[in-house]
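Take a look at the structure below.
What follows is calculated from the coordinates using simple rules that are stated; it is not laboratory data. On a predicted model such as this, the values are computed, not experimentally measured, just so you know.
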Amino acid sequence: MKRTVLSILAAGAAVVAISAGAGAQGSVNSSREVYMTAGTHQFFVWCTGGTASYTATADGSSAEDAQKKAYEESKAKGKCWPVWQGKVGG
């Protein structure tokens, strides 16, 4: 019983943390329709091998196009991969 309660509390805390992080993004939109539109897209660039991860933006005809551009820029920094977070500005 004690484990179940702790698991529920931990899951609740994770949901709160994720919600707070999403709210902190401000004007970043992340729906499927937005993914397919042109503009400035934001990425969390996840890096391995001791390279620090970071946040970046790139312009493209879609998020996929922008991600390719962000990936080309990130290759110079090490083993990094940009993960789409949303479109900046709306």
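Estimated at 0.36 nm per residue, the fully extended path between ARG32 and SER62 surpasses their Cα-Cα distance by 9.7 nm. Once the chain from THR55 to THR40 is taken as fully extended at 0.36 nm per residue, the excess over their C-alpha distance is 4.1 nm. For region 27-88, what is the convex hull volume of its Cα atoms per residue in Å³? That works out to 59 Å³ per residue.
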